[in-house]
1. Filter segment 42-76 down to residues that are surrounded by 14 or more Cβ atoms within 10 Å (Cβ to Cβ), touching a helix residue (DSSP H, G or I) at 6+ places or on another chain (Cβ under 8 Å) and farther than 20 Å from Tyr105 by Cβ, then give me how many there are.
2. Restricting the search to segment 10-61, which residues are touching a strand residue (DSSP E or B) at 6+ places or on another chain (Cβ under 7 Å), among the polar types (S, T, N, Q) and not in a loop (DSSP other than H, G, I, E, B)?
3. Considering (1) part of a loop (DSSP other than H, G, I, E, B); (2) surrounded by fewer than 18 Cβ atoms within 10 Å (Cβ to Cβ); (3) touching a residue at least 60 places away in the same chain (Cβ under 8 Å), say which one Gln82 fails and leave the rest.
4. In segment 85-97, which residues are of a type in the set (Asp, Glu) and open to solvent by 40 Å² or more (accessible area, probe 1.4 Å)?
5. Among the residues of segment 104-116, count how many are open to solvent by 40 Å² or more (accessible area, probe 1.4 Å) and either free of Cβ contacts under 8 Å to residues at least 40 places away in the same chain or not in a strand (DSSP E or B) (or both).
6. Assess whether Ser17 counts as being loosely packed, with under 15 Cβ neighbours inside 10 Å and in contact (Cβ under 8 Å) with a residue 40 or more places away in the chain.
7. For Thr98, which of the numbered conditions (1) without any contact (Cβ under 8 Å) to a residue 40 or more places away in the chain; (2) not in a loop (DSSP other than H, G, I, E, B) fails to hold?
8. Tally time: how many residues in segment 80-103 are among the aromatic types (Phe, Trp, Tyr) and either more than 30 Å from Gln1 (Cα to Cα) or in contact with a Gly (Cβ under 7 Å, 6 or more places away or on another chain) (or both)?
Amino acid sequence: QVQLVESGGGLVQPGGSLRLSCAASGFAFSNYAMSWYRQAPGKEREFVATISWSGGSTKYVDSVKGRFTISRDNALKEVYLQMNNLKPEDTAVYYCNTEYWATSYWGQGTQVTVSS
């Protein structure tokens, strides 16, 4: 079965950096786009970034452009989110996502807290 496992979250001060990782299994990872979403307490889940199957195309929500970078390693079946210059409003649970056979799959999420 499809499994996505996020890691790398934690507590950082404003202006700090974190790198999130998502390990994938159960499907042909290299054939599919991968995305990151986030959800803050009491708010809807929000799109953050996506990367094409080859890694050649990326898109970001405006609020993270210039600060976050999504990347992938198809040999390792992992997708990453490098987050720089973090802001308190980036605080959320971050989820890895893929769509496989017309079904969306999500990891368990990893908590990112940005606070002084």
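The values are calculated or read from the model by the stated rules, or taken from the named source; none is laboratory data. Computed from a predicted model, the values in this text were never measured in an experiment. With ideal geometry, Cβ positions are generated from the backbone for all residues, glycine too; neighbour counts draw on all protein chains shown. The area values use the complete protein model at the heavy-atom level, side chains included, leaving out ligands, DNA and RNA. Shrake-Rupley method; radii C 1.70, N 1.55, O 1.52, S 1.80 Å.
1. Here the count works out to 1.
2. If the condition is that a residue be touching a strand residue (DSSP E or B) at 6+ places or on another chain (Cβ under 7 Å), among the polar types (S, T, N, Q) and not in a loop (DSSP other than H, G, I, E, B), then Ser21, Ser25, Ser35, Gln39, Thr50, Thr58 are the ones that fit.
3. Failed condition: (1).
4. Glu89 - this is the single residue of segment 85-97 that is of a type in the set (Asp, Glu) and open to solvent by 40 Å² or more (accessible area, probe 1.4 Å).
5. Here the count works out to 4.
6. yes
7. So the condition that Thr98 fails would be (1).
8. 2
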